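Working notes, structure below.
Read-outs throughout are calculated quantities, based only on the coordinates presented, and are distinct from any laboratory measurement. Just so it is clear, the structure is predicted and the values come from calculations on it, not from any experiment. Methodologically, a virtual Cβ is constructed for each residue, glycine included, from the backbone with ideal geometry; neighbour enumeration extends over all protein chains shown.
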Amino acid sequence: MKVVALAGGVGGARLAAGLQAALPPGDLTVVVNTADDFDLWDLRICPDLDTVMYTLAGIANPETGWGIAGETFDTLGMLARYGEDTWFKLGDRDMATHVLRSERLRSGMPLTQVTFTLTDALGIPSRILPMCDDLVSTVLDTSAGTLEFQEYFVRRAQRDEVRGIKLRGIEEARPSDVVLDAFAGAEAVVFCPSNPVVSIGPILAVPGMREAIVASSAPKVAVSPIIGGRALKGPADRMLASLGHEVSSAGVARMYEDVVDGMVIDHADEDEREEISALGMDVLVTDAVMRDGPDRERLAREVVYFTGSVAGR
Ligand code: GDP
Ligand code: CA
């Protein structure tokens, strides 16, 4: 069954790993947010793409969710000795990804193709597609002024209140043909439990993306990243609140109302079932917390099964 998943970083990668385990090899395509991407020491860093790639390759650091397991940071230590600011943690092995990616991008290879060369070498059975080949950058209007995404997220540890979001370069961006073909051929579309504002938001904001998803005849379901009024990790809950959204599964459902046919929510949010149904969506109430590998696969299987019963609208 051909499944296309939309994902950001850590939360998205968890469900993507479950889907990869649950589906026959080759059936999963993950369309990943690239609006977190930035340059450092002349290297192109794609945090969400790499989180998904390392997770699906089975080499991700299980404690952090990002980076590579057993990673060392000697290169970064030497950069610090040269007086460089090393707030963004780049591991020694991770560095190889950025070096190769940057070289290939500089030679004119599109990011989609570059990503394929990397995932292929890592033996990943799924397709990992950047949302577009154009550089899009998330810029946040915060209580501390205008911040580039990684400045807010890593350097300042998400301490500032987000009052607005801009996606620099989004107007010129277009989904690649492979992304459009993936949605056209999808038998199910799954919105992973990623941050609706800064992970799924940028993917949907690529001109033509929303239309391509809506045009797909596949059932579309979203797994809520908000459980019991909170994000399991990261600033999604505070961001939703400061941007005027309701911090609940129903609030997330409302954000996806025009693109999604079904919502998967946790038992903790069972009392929101009717509110979500009233939006015209089908609802699956289950254990939406992924604690370990078997848990990811279990949730993925339930999500895939649920898409079979969801009525397209
Ligand atoms: P980032 O790019 O690394 O910040 O990651 P994402 O945007 O992909 O994911 C962040 C979201 O994942 C947060 O809002 C979390 O609540 C959510 N999340 C993390 N783990 C789980 C889980 O096990 N279940 C659910 N439902 N959501 C999760
Ligand atoms: Ca991210």
> Got the relative contact order for the stretch 243-300 handy, in percent, Cα pairs under 8 Å and 6 or more residues apart?
Replying inline: 31 percent
> Which listed residue (Thr55, Ile226, Ala300) has the Cα farthest towards the positive end of the charge dipole for the chain, taking +1 on Lys and Arg C-beta and -1 on Asp and Glu C-beta about the Cα centre?
Replying inline: Thr55
> Dipole of the chain (Lys/Arg Cβ +1, Asp/Glu Cβ -1, origin at the Cα centre): which of Leu76, Gln150, Gly11 lies farthest to the positive side?
Replying inline: Leu76
> Once you charge only the Cβ atoms, +1 for Lys and Arg and -1 for Asp and Glu, what is the size of the charge dipole of the stretch 44-137 about its Cα centre, to the nearest 20 debye?
Replying inline: 200 debye
>> Quick check: the angle from helix 293-307's long axis to the longest principal axis of the chain, C-alpha only, nearest 10 degrees?
In response: 50 degrees
> Using +1 on the beta carbon of Lys and Arg, -1 on that of Asp and Glu, and nothing else charged, what's the dipole of the chain about the Cα centre, debye to 20?
Replying inline: 300 debye
> If R0 is 35 Å, what FRET efficiency do you get for Thr75 and Ser277 from their C-beta distance, rounded to 0.05?
Replying inline: 0.10
>> Bins of 5 Å, beginning at zero and ending with the bin holding the largest distance: percent of Cα pairs per bin for the stretch 226-286, please.
In response: 4, 21, 31, 24, 17, 3
> Straight-line reach from Lys233: which lysines have Cα under 20 Å away, leaving out those fewer than 8 places along the same chain?
Replying inline: Lys89
> Over the alpha carbons of the chain, what is the largest minus smallest coordinate on each principal axis, giving the biggest first in Å?
Replying inline: 58, 43, 38
> Give me the Kirkwood hydrodynamic radius of the stretch 94-239 in Å, from all C-alpha pairs, to one decimal place?
Replying inline: 17.1 Å
>> Give me the one-decimal nm value for the distance between modelled label points at Glu84 and Gln113, 7 Å along each residue's Cα-to-Cβ direction.
In response: 2.8 nm
>> Quick check for you: which residues of the stretch 172-200 have the amide N under 19 Å from the point 7 Å beyond the Cα of Asp258 toward its beta carbon?
In response: 172-175, 191, 196-200
>> Let's see if you can work this out: charge +1 on each Lys and Arg Cβ, -1 on each Asp and Glu Cβ, no other charges. What is the dipole magnitude of the stretch 247-313 about its Cα centre, in debye to the nearest 20?
In response: 260 debye
> What are the GluC sites (Glu not before Pro) within the stretch 1-98 that DSSP puts in a loop, where the Cβ has at most 10 other Cβ atoms within 10 Å?
Replying inline: Glu63
> Which FRET efficiency value, to the nearest 0.05, is calculated for Glu148 and Tyr305 with the Förster distance at 30 angstrom and r the Cβ-Cβ distance?
Replying inline: 0.15
> Going by average Cβ neighbours within 10 Å, how do the peptides 258-264, 248-254 rank, with the highest at the top?
Replying inline: 248-254, 258-264
>> Bins of 5 Å, beginning at zero and ending with the bin holding the largest distance: percent of Cα pairs per bin for the stretch 188-313, please.
In response: 2, 12, 22, 25, 22, 13, 4, 0
>> If you fit an axis through the alpha-carbon atoms of helix 111-121 and take the longest principal axis of the Cα set of the chain, what angle between them do you get, 0 to 90°, nearest 10?
In response: 90 degrees
> How many angstrom lie between the C-alpha centres of the stretch 1-65 and the stretch 97-138?
Replying inline: 12 Å
